[in-house]
Amino acid sequence: MLTIRVVHHLDPDFERRILSTIHKQMGTIMAAVDDLAKNVEENTSVVQSAVALLGNLKSQLDAAIASGDMSKVQALSDTLGQNDAALGAAIAKNTPVAPSDGDTPAGGTDGAADAGSPESPTA
């Protein structure tokens, strides 16, 4: 019977370098996980604030309608407009723009005008 044994010994310095690299990469990964957890927490807080805002506006609108005072309804409408603008700006600011297919701008081109198109420069 033939027995073949393959024995491989790693250089101790090589092992230390590998372990050091793994340790550094784990630190990077953990920092990314911590950032993600922070973003999720902030997002949850924003969602809860929006839900509270909408609930509060609903009760204010109900009270304004019940009072029959149109100035209260108008004031509530003005407040709603301000809150809508602020919420829209916050959402736009914190929403990353996803690249379109082929990493081209939303227009679907890479920025170069097609020959013969109205956008192409004339000589």
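Readers should treat all values here as calculations from the given coordinates under stated rules, not as data from a laboratory. Not measured: the values here are computed from a predicted model. Cβ atoms come from the backbone with ideal geometry, glycine included; neighbour counts cover every protein chain shown.
Miscellaneous remarks
- Calculated FRET value between Asp11 and Ala32, using beta carbons and R₀ = 35 Å, to 0.05: 0.65
- Solution diffusion estimate, µm²/s, Stokes-Einstein, the range 5-82, Kirkwood Rh from C-alpha pairs, 20 °C, viscosity 1.002 mPa s: 120
- Ranking of Asp69, Asp11 by count of other Cβ atoms within 10 Å, fewest first: Asp11, Asp69
- Of all lysines in the structure, not one has an alpha carbon short of 17 Å from that of Lys24, not counting any fewer than 8 places away in one chain.
- Dipole of the range 17-88 computed with +1 at Lys/Arg Cβ and -1 at Asp/Glu Cβ about the Cα centre; of Val51, Val33, Gln74, farthest Cα towards the positive end is Val33.
- Here's the list of lysines a cross-link from Lys72 could span, going by alpha-carbon distance under 24 Å and ignoring same-chain residues fewer than 8 apart: Lys58.
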